[in-house]
Amino acid sequence: MQMATTLARAYRRLQIPSRIARIAIAMLTTILTSASAAHAHGGMAGPSEIGPPLLTSGALGFACYWLVILWPSARKRIETPDGSSTKKGNSARMNGHLSTRKSAPMKQTPHLKKVKSKMRLLVAILGLAIGTIVTSSIAFAHGEAGDEPFLKDLTTAFYDVTISPTDIRVGEPVTITGSVRILETWPYTLSPPEKAYIMPVVPGPVFALKDRIVNGQAAPGSFFVEKGGIYQFKMVILGRNPGRWHVHPGIAVEGTGTLVGPGEWVTVQPGAAKFVFPVTLLSGQTINLNSYKGGFVWWWSFAGFLIGVVWMLYWTLTHRTVTNLAVTIQLGVNDDAPDIGLITPRDHMWMNVLAGLTIIMLVIGWTYAAMKYPVRLPQQTDWFTPEYISSGEKMAEVHPGGATYDDATDTLLMNVKVKNLKDSPINLKQYIMAMATFVNGKAEDQAKAGPHDYVGQLEVEPASAIAPGETKDLTLKITSKIFSEERLIPLRDPQQFIAGLLRFENGQGQQEMVVLRTSVIPTQFHSQYLP
Ligand SMILES: [Cu+2]
């Protein structure tokens, strides 16, 4: 009996915290559930990479929480001796609910001290957070190393990519060409590729896309794709902002995300004149797309933003809704609690004013658009299936014989059995994997294979050509930093597979690209405490 009473008392004491805990758990669950939807550009390598952003956001969250809790208007109320700090007479209810804990005036002085010391702590934390943000180095990469290896290897392969010139002035063009193949090994864990678009992957709108051609056809937007499809692209981009930018081609597959090809550094020098991007409209009028109606768009959006900010500040700075969570959390869900000043008729009036302003803005916007631009077209799209491109006449039959990867030396060893189906000798020229190309050849062959940072040496053993009809066991050896820098090899995955394209060539210059999917066994294991 006594135990039950003790338990009940303990439960009563814990009621508020358990409620907060419930809310916290619900929020955490929501965050975790919604986070799993991200496929590409989400996974990070380890604690060294994921640690700083997590700590920074944690510190920011903590600082913001205390900023709201300790905001002067909230403090003022706590300091008032009789606890009736709100504008209307509401002390009765306040006292009824909370006086047991907060009404005694003698507790105010130590509490004030506590608040002051908390304020100091808050300022220190804010300073620290701002300092961390200011001093942190600028991120240059595009995050492709963060993608899981399977996401890069088994999905696509980029080859013959050129990005040139690499030194231009503002307004001058850079041309990106190359091919991407959606591999037949596309993982079953991802939704099948159906729609995609090819685009330049650059850090923000520092270039303007002028032209995009896929398999010989203009491709203003996305197009239909399929496993095994080969997409030859040509994009022309114009330098917009001066700087040194990393430029990649990428393919954004609906439901999967953007898969990035090899990149090149492009320097954009300041131009003599300002950047302009003239476009002729159907009406015959020529506009500068770079700045067209920019001022209007900015100020109109800002007006809408202001209404939102007024609404946010109104509720966070002057009201108990956020600043006194301890009070609001004890009220029923549908209780406005006007008697303690939670939501008063005056608040309703001001919120109606804000809602009214929003509606007036919308009506003005619609009327203005209808009057000023009577001729309008709905947004246009041009979905198409690009013309089929062959991977080459059947030349070789390939059987994987397994692979090993040495993490210490970045060495991949692959065993393959190759049968020559042609009547002339064939050679293995390249192995293409994700955004990297490994070349069985000299320095000049490597220079032609793609952007320098994504090209490596491939050694084929035995080196001699495969005679017509012959079946040969080949060992492919690649030692390259690209594997670890771009995180291409799965080392701790439930499925240890890589895939890529083997490029065969015969004496007449005919080629075939054959998909190779093979298991990889790491030869070294490092202990790891986090997934
Ligand atoms: Cu990059």
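Can you tell me which aspartates and glutamates have their Cα less than 16 Å from the Cα of Lys472? Leave out same-chain residues fewer than eight positions away.
Glu397, Asp423, Glu459, Glu461, Glu505
By count of other Cβ within 10 Å, fewest leading, how are Leu491, Leu428 ordered?
Least to most surrounded, the residues fall as Leu491, Leu428.
Amide H to amide H, which residues 5 or more places from Asp211 or on other chains are under 5 Å from it, using H placed in the peptide plane?
Val236
So for the stretch 365-442, what percent of the C-alpha to C-alpha distances run longer than 18 Å?
70
Could I have the simple spin-label model distance between Ser117 and Gln457, label points 7 Å from Cα toward Cβ, reported in nm to one decimal?
With each label point 7 Å from Cα toward Cβ, the separation is 6.6 nm.
If the chain between Thr56 and Thr409 were fully stretched, how many nm would it gain, using 0.36 nm times the residue separation less the Cα-Cα distance?
Full extension of this stretch gives 123.7 nm more.
Using modelled amide H (1.01 Å from N, peptide plane; none on Pro or chain starts), what sits under 5 Å from the amide H of Gly456, excluding residues fewer than 5 places away?
Thr437, Phe438, Val439
On a C-alpha basis, how far is the centre of the stretch 413-456 from the centre of the stretch 470-512 in Å? Whole number, if you could?
When both Cα centres are located, 8 Å separates them.
Assuming 0.36 nm per residue, please report the length gained on full extension of the stretch Arg346 to Asp167 beyond their Cα-Cα distance.
Going from the current span to full extension adds 58.3 nm.
When the chain is fully extended, how far beyond the present Cα-Cα distance does Ala326 get from Ala218, taking 0.36 nm per residue of separation?
32.8 nm
In sequence order, what are the phi-derived ³J(HN,Hα) couplings for the stretch 396-405 according to the Karplus relation 6.51 cos²θ - 1.76 cosθ + 1.60 with θ = phi - 60°, rounded to whole Hz, with x for glycine and proline?
The phi angles translate into 9, 10, 10, 10, x, x, x, 9, 10, 9 Hz.
So, in nm, how far is label Thr523 from label Ser283 when the simple model puts each one 7 Å beyond its Cα toward the Cβ?
About 6.9 nm, to one decimal.
With θ taken as phi - 60° and the coefficients 6.51, -1.76 and 1.60, list the Karplus ³J(HN,Hα) couplings across the stretch 254-269 in order, rounded to whole Hz; mark glycine and proline as x.
So the Karplus estimates, Gly and Pro as x, are 4, x, 10, x, 8, 9, 9, x, x, x, 9, 7, 10, 9, 10, 7 Hz.
Enumerate lysine pairs in the stretch 147-282 that are 8 or more residues apart or on different chains, then count those whose Cα atoms are under 18 Å apart.
5
Would you grab the residues whose amide H sits under 5 Å from the one on Gly271? Only those 5+ places off in sequence or on another chain, please, with H modelled 1.01 Å from N.
Sorted by chain and number, the residues that satisfy this are Val170.
Where nothing but the Cβ of Lys and Arg (+1) and of Asp and Glu (-1) is charged, how large is the charge dipole of the stretch 396-524 around its Cα centre, in debye to the nearest 20?
180
Across the stretch 202-213, in residue order, what do the Karplus-derived ³J(HN,Hα) couplings come to in whole Hz, using 6.51 cos²θ - 1.76 cosθ + 1.60 with θ = phi - 60° and x for Gly and Pro?
Working through the residues one at a time gives 9, x, x, x, 8, 10, 10, 7, 9, 8, 8, 10 Hz.
Among Met371, Met235, which comes first, second and so on when ranked by fewest other beta-carbon atoms within 10 Å?
Result, fewest neighbours first: Met371, Met235.
Only the coordinates and a few stated rules stand behind these numbers; no lab work does. All figures in this text were calculated on a predicted structure; none of them were measured in a lab. Every residue, glycine as well, gets a Cβ built from its backbone with ideal geometry; the counts of neighbours run over all protein chains shown.
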